[in-house]
Amino acid sequence: MELLVKNTDEDTLYKLVLGLVVPRPIGWVSTVSREGVYNIAPFSFFNAVNDAPPVLMISVSNRDEGSLKDTVKNILETKEFVVNTVSEELFEKMLITGEEFPPEVNEFEKAGLTPEPSKTITAPRIKEAKVSFECKLFKYVPVYDMHVIFGEVLLIKVDDSIITENFSVNYEAYKPIGRLGGRYYVRAFGDCKLEK
Ligand SMILES: Cc1cc2nc3c(=O)[nH]c(=O)nc-3n(C[C@H](O)[C@H](O)[C@H](O)COP(=O)(O)O)c2cc1C
């Protein structure tokens with residue numbers, strides 16, 4: 001099968017891009033609004049684009065009725081955010097934060113998660129997450145209907161249980177989750193390791 005993009009409808013392109021560009025890491029983004037309400041949402045259009053200094057990106061659509069998602073609104077207002085990562089034991093809570101709640105709802109409370117003060121910014125970290133990157137807004141780039149947000153990392157929190165003294169990661173302790181298309185997810189640890 002070959003599809004010429006200009007002849008292909010949007011729903012099909014959505015299914016193909018989400019189903020074929022896999023597995024995607026999940027950036028679990030915590031922010032605070034100008035009014036002080038905490039927010040969390042997961043994004044799998046997420047990756048690292050620079051390592052020193054680390055720069056991460058997320059790409060966020062509008063809501064179906066066209067309004068900005070709370071994450072984008074908060075980041076554009078406050079110029080900061082935290083990207084936490086999702087380990088297996090937090091999977092169900094991550095899914096709750098992916099539901100749409102009105103701006104005044106604190107998603108930490110909805111999902112039973114604990115806000116933890118960041119060291120360099122006002123947006124809170126997710127205490128239960130094994131990894132959190134405190135970011136300041138580096139660049140905002142609209143791409144067609146998406147809001148692409150780059151964050152420069154100011155501080156990296158890593159749980160001691162998943163990292164060795166020389167900064168190797170123990171994936172069996174980390175247990176990161178990746179996203180495939182539709183309802184499919186993947187456990188991204190230990191499945192495939194080069195011997196040398
Ligand atoms: C695993 C997962 C990955 C998601 N990835 C994205 C994404 O990359 N971009 C996006 O706009 N929405 C994505 N969503 C949907 C948002 O998380 C959802 O719209 C959320 O309600 C936005 O919340 P907010 O309004 O608090 O920012 C994803 C949802 C899940 C569960």
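The values are calculated or read from the model by the stated rules, or taken from the named source; none is laboratory data. Fair warning: this is a prediction, and the values are worked out from it, not measured in the lab. Every residue, glycine as well, gets a Cβ built from its backbone with ideal geometry; the counts of neighbours run over all protein chains shown. Just so you know, the surface numbers come from the protein's heavy atoms only, side chains and all, with ligands and any DNA or RNA stripped out. Shrake-Rupley method; radii C 1.70, N 1.55, O 1.52, S 1.80 Å.
Which of the residues belonging to region 96-127 are open to solvent by 50 Å² or more (accessible area, probe 1.4 Å), without any contact (Cβ under 8 Å) to a residue 24 or more places away in the chain and either more than 14 Å from the ligand (Cβ to nearest atom) or under 13 Å from the mean Cα position of the chain (by Cα) (or both)? Selection gives Thr114, Pro117, Lys127. Candidates in region 57-77 are the residues that are near the ligand (Cβ under 9 Å from one of its atoms) and in a strand (DSSP E or B); of these, the one that is nearest to the chain's Cα centre (by Cα) is Ile58. Thr31 meets all of the listed conditions (1) under 20 Å from Ser118 (Cα atoms); (2) in contact (Cβ under 8 Å) with a residue 60 or more places away in the chain; (3) part of a loop (DSSP other than H, G, I, E, B) but one, namely (3). The combined condition, being within 11 Å of the ligand (Cβ to nearest atom) and either in contact (Cβ under 8 Å) with a residue 12 or more places away in the chain or over 16 Å from the mean Cα position of the chain (by Cα) (or both), is not fulfilled by Glu80. Does at least one position in region 89-101 carry a residue that is of a type in the set (Lys, Arg) and farther than 21 Å from Pro54 by Cβ? Yes, region 89-101 contains a residue that is of a type in the set (Lys, Arg) and farther than 21 Å from Pro54 by Cβ.
Mind listing just one residue for me: the one in region 20-41 that is of a type outside the set (A, V, I, L, M) and open to solvent by 30 Å² or more (accessible area, probe 1.4 Å) and, of those, farthest from the chain's Cα centre (by Cα)?
Initial filter on region 20-41 (of a type outside the set (A, V, I, L, M)): 23-25, 27-28, 30-31, 33-36, 38-39.
Narrowing further to those that are open to solvent by 30 Å² or more (accessible area, probe 1.4 Å): 23, 25, 34-36, 38.
On the way: Pro23: 14, Pro25: 8, Arg34: 21, Glu35: 22, Gly36: 21, Tyr38: 15 Å.
Taking the candidates together, the pick is Glu35.
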